[in-house]
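For reference, the structure is listed below as structure tokens.
The values are calculated or read from the model by the stated rules, or taken from the named source; none is laboratory data. As the structure is a prediction and not an experimental result, all values here were calculated from the model. Quick reminder, even Gly has a Cβ in these numbers, built from the backbone with ideal geometry, and neighbours come from all protein chains shown. The accessibility values were calculated without ligands, DNA or RNA, using every heavy atom of the protein model including side chains. Shrake-Rupley method; radii C 1.70, N 1.55, O 1.52, S 1.80 Å.
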Amino acid sequence: MNKIEWIFFDLDGTLVNNLPALYRAYLDFLIDYGIKGNKREFEKLNGPSLTEIIDTLKQTYDLKESHNKLFEKYEFKIQSAYEKSKPRKQSTQILKSLKNEGYKTALVTSSSKKLALILIRKFNWTGFFQLYVFGNEIRYSKPHPEIYRLCLQKAKAPKKQTIVVEDSKNGFESARKAGLDCILIDTKKGLSNLLGIVKSYEK
């Protein structure tokens, strides 16, 4: 029997049902420059850090303002979206159940520490995670595997005893490239039966 020891959770779209709010933030940001965003582009930006998102949008649309100014404007819109966000219905209960079952959990997010902690504190999740990896700690964001490799290093976790929970293609690819099994959640069903799925890896 292969006992799972660690579960690495993505944040946006996985534990928190905030992708619609983040999509609106993306659209609002581009509208300020007379640009109409689209779902396809937004989905590609689900995974990279805010710095990389700004680099991509600045280059794609030839935005004239400085990177720092663009970053500040987008960060403000994301912060507003975060403050209105709600967790998935099952998130808190799942985190409690995993803790009670003896699993260790890590939060692995492309969001900055400043933004991610808005949600962690808002939902009273600080007692659930043994460690964190934030987007500002890495050079390359998802789908690059750096973020999950760093989490493995921090946790000193064996790959075969670690599972990742993600909602996006970029996140899934990042985990798999790091040599980890990954549960890609159905965003409509959320985290229902996650504990059962984790235990199925132990058989």
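Can you show me the helix-derived [θ] at 222 nm for the chain, built from DSSP H runs with n ≥ 4 at -39,500 (n - 2.57) apiece and divided by the number of residues, rounded to the nearest 500. One gets -14000 deg cm²/dmol as the mean residue ellipticity at 222 nm.
With a cut-off of 15 Å on the backbone N, the residues of region 39-69 near the modelled label site 7 Å out from residue 27 along Cα-Cβ are 39-43. Surface composition of region 93-203: carbon and sulfur atoms hold 48% of the protein heavy-atom accessible area at a 1.4 Å probe.
Rounded, prolate or oblate: which one fits region 89-203, using the alpha carbon gyration tensor with axes a ≥ b ≥ c (rounded when a/c is under 1.5, else prolate when a/b beats b/c, else oblate)? Verdict is rounded for region 89-203.
Here's the list of aspartates and glutamates a cross-link from residue 156 could span, going by alpha-carbon distance under 12 Å and ignoring same-chain residues fewer than 8 apart: 5. The simple spin-label model puts a point 7 Å past each Cα toward its Cβ; for residue 62 and residue 93 those points are separated by 5.3 nm. On the beta carbon distance between residue 79 and residue 188, with R0 = 25 Å, the FRET formula returns roughly 0.40. With 0.36 nm allotted per residue and the present C-alpha distance subtracted, the residue 101-residue 197 stretch has 33.2 nm of extension available.
For the residue pairs 84/159; 58/104; 122/169; 77/160; 36/96; 113/160, the C-alpha atoms sit more than 31 angstrom apart in 84/159; 58/104; 77/160; 36/96. Our estimate of slack between residue 44 and residue 159, defined as 0.36 nm per intervening residue step minus the Cα-Cα distance, is 38.7 nm.
Cross-link reach is defined here as a Cα-Cα straight distance under 18 Å, omitting same-chain residues fewer than 8 places apart; for residue 189 the aspartates and glutamates meeting it are 10, 12, 166, 167. For region 5-54 versus region 115-194, the inter-centroid distance based on Cα atoms is 16 Å.
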